[in-house]
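Contents: one structure, followed by commentary.
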């Protein structure tokens, strides 16, 4: 949770890139890099770890990559603050790509360890409280964010972001270390690594033979298209609504509080009603994020002294856009919980790493959703991107209704 405060894409990273480049397309590259780094390793990692009794060493490698990347970003931005913006951006992209790749490498071992530690009926609450409880330790971090982005702060751009990125490296170090201290149970595994060609063919066969998996992947793609504008609310606030830099702190507080409460709520919701209902619910709620953004410029404009000592003067349209950030935060926590828990439900136990890896790999079209949103925003306007996102959210609701509830099904 702490790392999300310092390195959130929808508030911190999107704001940093937009202030640095002024380009919506460059902002759209952020989700491209993030999704590519997350999804691409999923096809190869299971081949390396499925036959191993312990998956923790693979997680250790990914943790080192992520910590190194964010340390490099934080220190690099602070030391190169006077360099040309283009050079800073290229430097940032290289290290952000390394971090995203490390996150992708961590996916299979993380979910494999979680599935061995906790029974099916407890995973929703576990994932919810894991994301939500971190907020209890986030108060000092939030105070730092409010200070560096306040109107009275002497810390100028990009030093304020460099401080946040350095804090993100420390937070990732703390969270990774705590996870590595967990004692990983040993379960039966496949005895030997199969030939890579056979492994790939078996993975591809999953998509052809499992209609529930096909529907789940279709849902993920539609939902991602419905959320494709989540990194653009910050540029929209800056360019169209005239948001001051202090609004970054306000948006971040709203997103984190909504994700904190939303994660806990969705976790209990999933355990009580099932992950299928959770995926339907978050798709329904997600519809309102772009809708609120569409209405924000139509709110009567007036300046409001909103906690002036902290945020300064913020206009009514920017304050209305807070609703989009609130929905985005609540939905992002629920989506991570719902997708992860549903995927673990339908995965056969002994082939779980392969199933998790290829399920994520099959969702590779998600890589381009952010770039699509960036191009639409650049050439057709933010409003068109928001309108399309709302439409895909509606489609994802109907696709989610076709999913099967596995809660009472024995498999594996």
Exercise for review: Select from region 158-186 the residues that are out of contact with any helix residue (DSSP H, G or I) (no Cβ under 6 Å at 6 or more places or on another chain) and not in a helix (DSSP H, G or I) and write down the one among them that is farthest from residue 148 (Cα to Cα).
Suggested key: 186
Study note, to complete from the structure: Only one of (1) under 25 Å from the mean Cα position of the chain (by Cα); (2) surrounded by fewer than 16 Cβ atoms within 10 Å (Cβ to Cβ); (3) within 29 Å of residue 40 (Cβ to Cβ) does not apply to residue 331, and that is (2)
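If I filter region 306-313 for residues that are within 22 Å of the chain's Cα centre (by Cα) and either more than 30 Å from residue 344 (Cα to Cα) or at pLDDT 95 or above (or both), do I get at least one hit?
Quick first cut of region 306-313, residues within 22 Å of the chain's Cα centre (by Cα) only: none.
Checked region 306-313: no residue is within 22 Å of the chain's Cα centre (by Cα) and either more than 30 Å from residue 344 (Cα to Cα) or at pLDDT 95 or above (or both).
Can you tell me which residues in region 277-300 are farther than 15 Å from residue 331 by Cα and assigned to a helix (DSSP H, G or I)?
First, pick out the residues of region 277-300 that are farther than 15 Å from residue 331 by Cα: 293-300.
Scanning region 277-300 gives 293, 294, 295, 296, 297, 298.
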Point to revise | Options 117, 78, 105: the member that is in contact with a helix residue (DSSP H, G or I) (Cβ under 6 Å, 6 or more places away or on another chain), at pLDDT below 95 and surrounded by fewer than 16 Cβ atoms within 10 Å (Cβ to Cβ) | key: 78
Check your understanding: What number goes with the only condition from (1) more than 30 Å from residue 212 (Cβ to Cβ); (2) surrounded by 24 or more Cβ atoms within 10 Å (Cβ to Cβ); (3) modelled with pLDDT of 95 or more that residue 252 does not pass?
Key -> (3)
Exercise for review: Hey, can you tell me all the residues within region 346-365 that are buried (at least 19 other Cβ atoms within 10 Å of the Cβ) and part of a helix (DSSP H, G or I)?
Suggested key: 346, 352, 353, 354, 355, 356, 357, 358, 359, 360, 361
Revision key, fill the gap. Per the list (1) at pLDDT 95 or above; (2) surrounded by fewer than 19 Cβ atoms within 10 Å (Cβ to Cβ), residue check on residue 379 breaks on (1)
Check your understanding: Which of the residues belonging to region 269-306 are over 19 Å from residue 243 (Cα atoms) and out of contact with any helix residue (DSSP H, G or I) (no Cβ under 6 Å at 6 or more places or on another chain)?
Key -> 272, 273, 274, 276, 277, 281
Point to revise | Checking residue 177 against (1) at pLDDT 90 or above; (2) surrounded by 14 or more Cβ atoms within 10 Å (Cβ to Cβ), the condition it does not meet | key: (2)
Exercise for review: Sort through 237, 247 and tell me the only one that's buried (at least 23 other Cβ atoms within 10 Å of the Cβ) and in contact with a strand residue (DSSP E or B) (Cβ under 8 Å, 6 or more places away or on another chain).
Suggested key: 247
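The values are calculated or read from the model by the stated rules, or taken from the named source; none is laboratory data. Note that the structure is a prediction, hence the values are computed from the model and not measured. Every residue, glycine among them, receives a Cβ derived from its backbone with ideal geometry; neighbour counts consider all protein chains shown.
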